[in-house]
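The values are calculated or read from the model by the stated rules, or taken from the named source; none is laboratory data. Computed from a predicted model, the values in this text were never measured in an experiment. Virtual Cβ from ideal backbone geometry, glycine too; neighbours counted across all protein chains shown.
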Amino acid sequence: MEQQRKRLRFMLNCALFAALTAILAQIEIPLPLIPISGQTLAVGITATILGSKQGALAMICYAVIGGTGVPVFAGFSGGAHVLVGPSGGYIFGFIATAYVTGFILEKTSFRFQNALLANIIGMFITLAFGTTQLKIILDLSWNAALVAGVYPFIIVGLMKAALASWIGIAVRKRLVHANLILETKQEVV
């Protein structure tokens, strides 16, 4: 019975944070090729709260839901064409970002400083995935891909990393206290 409750909680957390990502994706600032959106903020919050496995699974759910055509991506878009299009690499990067960010926190501790470092590393992972696909799909030079897919996002990305860290740690503490997510050994100390 306890195992079923843990599994249900795991699935609900993944679904909830995939939904959070879909909601924050609709907050966007349009740019010529790739808009600035709340998606990356949601990825950071998700990884900071849920950790590596659940965070990555939530992002897989998000990508699958959007890939099937449900309009959960930025600008209420959806469909496989988005995943294989110029901005699709960012969405695939969310999975790796959530895993690595959560993994860093699990191996260190769920504290703001560690969350900030993990979220900054995660930001660059997302940018690397996104820029690589942007370069390939649009047949850009690396310089053009960096100009379109990285440079406009660094300052905003650092701000979102700080915000995701602060929100994520604060919410995680409350969820652990409410017994809605399991605490790690580092949080017990």
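Give me the pairs: first residue in the stretch 165-184 and touching a residue at least 60 places away in the same chain (Cβ under 8 Å), second residue among the acidic types (Asp, Glu) and surrounded by 13 or more Cβ atoms within 10 Å (Cβ to Cβ), beta-carbon distance under 8 Å, and six or more apart or on different chains, which are they?
Here the result reads Thr184/Glu106, each pair linking the stretch 165-184 to a residue that is among the acidic types (Asp, Glu) and surrounded by 13 or more Cβ atoms within 10 Å (Cβ to Cβ).
Test Leu16 against the criterion of being under 17 Å from Thr131 (Cα atoms) and among the hydrophobic types (A, V, I, L, M, F, W, C), and give yes or no.
Answer is no for this residue.
This table checks each residue for (1) in contact with a Pro (Cβ under 8 Å, 6 or more places away or on another chain); (2) under 24 Å from Asn114 (Cα atoms); (3) polar (S, T, N, Q).
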site: Ala15; (1), (2), (3): no, no, no
site: Ala19; (1), (2), (3): no, no, no
site: Gly51; (1), (2), (3): no, yes, no
site: Gln54; (1), (2), (3): no, yes, yes
site: Gly66; (1), (2), (3): no, no, no
site: Gly69; (1), (2), (3): no, no, no
site: Gly78; (1), (2), (3): yes, no, no
site: Ile95; (1), (2), (3): no, yes, no
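Within the stretch 153-180, restricting attention to residues that are closer than 13 Å to Met123 by Cβ and crowded, with 17+ Cβ neighbours inside 10 Å, which residue is farthest from the chain's Cα centre (by Cα)?
Here the answer is Phe153.
All but one of (1) modelled with pLDDT under 95; (2) within 28 Å of Met11 (Cβ to Cβ); (3) touching a Lys or Arg at 6+ places or on another chain (Cβ under 8 Å) hold for Val176, so report the exception by its number.
The number of the failed condition is (3).
I'd like to check which helices (runs of 4 or more DSSP H) are fully inside the stretch 108-189 and have at least 1 residues that are among the aliphatic types (A, V, I, L, M) and under 26 Å from Phe92 (Cβ atoms).
Once the helices (runs of 4 or more DSSP H) in the stretch 108-189 are filtered for at least 1 residues that are among the aliphatic types (A, V, I, L, M) and under 26 Å from Phe92 (Cβ atoms), what remains is 112-138, 142-149, 154-177.
Filter the stretch 24-50 for residues that are of a type in the set (Val, Ile, Thr) and closer than 17 Å to Ala98 by Cα; which is nearest to the chain's Cα centre (by Cα)?
Restricting to residues being of a type in the set (Val, Ile, Thr) and closer than 17 Å to Ala98 by Cα, the top hit is Val43.
State whether the residues of the stretch 64-71 include one that is within 16 Å of Leu105 (Cα to Cα) and surrounded by 18 or more Cβ atoms within 10 Å (Cβ to Cβ).
No, the stretch 64-71 contains no residue that is within 16 Å of Leu105 (Cα to Cα) and surrounded by 18 or more Cβ atoms within 10 Å (Cβ to Cβ).
Given (1) at pLDDT below 95; (2) within 27 Å of Lys107 (Cα to Cα); (3) surrounded by 15 or more Cβ atoms within 10 Å (Cβ to Cβ); (4) not basic (Lys, Arg), identify the lone condition not met by Gln4.
(3)
Taking Phe153, is it in contact with a strand residue (DSSP E or B) (Cβ under 9 Å, 6 or more places away or on another chain) and either at pLDDT 95 or above or of a type outside the set (A, V, I, L, M) (or both)?
In short, yes.
Listed here are the residues, each with its yes/no results for (1) under 23 Å from Leu175 (Cα atoms); (2) touching a Leu at 6+ places or on another chain (Cβ under 6 Å); (3) modelled with pLDDT of 95 or more; (4) surrounded by 15 or more Cβ atoms within 10 Å (Cβ to Cβ).
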{"position": "Ala19", "(1), (2), (3), (4)": "yes, no, yes, yes"}
{"position": "Ile23", "(1), (2), (3), (4)": "yes, no, yes, no"}
{"position": "Pro30", "(1), (2), (3), (4)": "no, no, no, no"}
{"position": "Leu50", "(1), (2), (3), (4)": "yes, no, yes, yes"}
{"position": "Phe73", "(1), (2), (3), (4)": "no, no, yes, yes"}
